[in-house]
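Notes to accompany the following structure.
The values are calculated or read from the model by the stated rules, or taken from the named source; none is laboratory data. Owing to the predicted nature of the structure, the values given are computational and were not obtained by experimental measurement. For neighbour counting, all protein chains shown are included, and Cβ atoms are generated from backbone atoms with ideal geometry for every residue, glycine included. Side chains included, ligands, DNA and RNA excluded: accessible areas come from the protein's heavy atoms. Shrake-Rupley method; radii C 1.70, N 1.55, O 1.52, S 1.80 Å.
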Amino acid sequence: MSKEEIPTGTTTASGLRPLLIGPSSGPEPPYPYRMSGPVISGFGRGSKELGIPTANLPVDNSLTPWISSIPSGVYFGWASLLLPPSHPNYSPASNTSWSMFPMVMSIGYNPFYKNDTRSAEVHVLHEFQADFYGTDMRLLIMGYIRDEKDYKGLDDLVEDITFDCRVARQSLSRPGWRVKELGDGGQFEGGWLVEQEEEKASL
């Protein structure tokens, strides 16, 4: 990626950071990674302390063997949710029951909170009117934003997470990073996100 393709960044608690991740053509190997499972309750601090609600997935090395070898840090990509029709944010993509949203996530120990177990905490970039614990979620992890770090205070942590969200939105807005299934000119093949269960069983 040439310097001309990288927009001027912003200085946060982590230093000078770029607004875009990766080339405009799309993610490069080893990305994307896939992860899926039911949304579980986490540490309960995303909404209460940070104002940034998270939807957590269990970290299972047997289902996602790649997760044990990737660095802890902040990632971004696409999330799909199998919301029930009764959910106020039920808005499935065309010809599927799955709803798709951009997301940013942390995989690691969150040193600011001194976690002793590795977690996968997902912040879906959408304003939800109700929670969705127990809902099936699929993640297409498109790239790596930054490593995890400790902070002097909560404000610095929130500042970095807010900028992570901005980076994710900016990076995923490019045609090479937007999934075709959204139907708005995206060029990346993200069919796995919206496959019906019977389709998966027949593959």
Open item on the list: I need every pair where a residue in region 20-36 that is farther than 15 Å from V122 by Cβ has its Cβ under 6 Å from the Cβ of a residue that is open to solvent by less than 60 Å² (accessible area, probe 1.4 Å) and basic (K, R), sequence separation at least 6 or different chains.
Closed with: S24/R174
TODO: Six or more apart or on different chains, Cβ under 7 Å: which pairs go from a residue in region 175-190 that's in contact (Cβ under 8 Å) with a residue 40 or more places away in the chain to one that's open to solvent by 70 Å² or more (accessible area, probe 1.4 Å) and outside any loop (DSSP other than H, G, I, E, B)? Could you list them?
DONE: Q187/K180; F188/K180; G190/K180
TODO: Please state which one of L83, L139, L57 is within 18 Å of I40 (Cα to Cα) and free of Cβ contacts under 8 Å to residues at least 60 places away in the same chain.
DONE: L83
- [ ] Looking only at region 108-116, decide whether some residue is touching a strand residue (DSSP E or B) at 6+ places or on another chain (Cβ under 9 Å) and either at pLDDT 90 or above or open to solvent by less than 20 Å² (accessible area, probe 1.4 Å) (or both).
- [x] yes
Open item on the list: Within region 126-137, does at least one residue satisfy the condition of being open to solvent by less than 70 Å² (accessible area, probe 1.4 Å), within 16 Å of G73 (Cβ to Cβ) and part of a strand (DSSP E or B)?
Closed with: no
Task: Pick from region 164-184, criterion over 18 Å from V124 (Cβ atoms) and modelled with pLDDT of 90 or more, ranking: most open to solvent (accessible area, probe 1.4 Å) - done: K180
TODO: State which residue is modelled with the highest pLDDT when the search covers only region 6-40 and only residues that are in a strand (DSSP E or B) and aliphatic (A, V, I, L, M).
DONE: M35
Open item on the list: Looking at T64 and the list (1) hydroxyl-bearing (S, T, Y); (2) open to solvent by less than 60 Å² (accessible area, probe 1.4 Å); (3) more than 18 Å from the chain's Cα centre (by Cα), which single condition is not satisfied?
Closed with: (3)
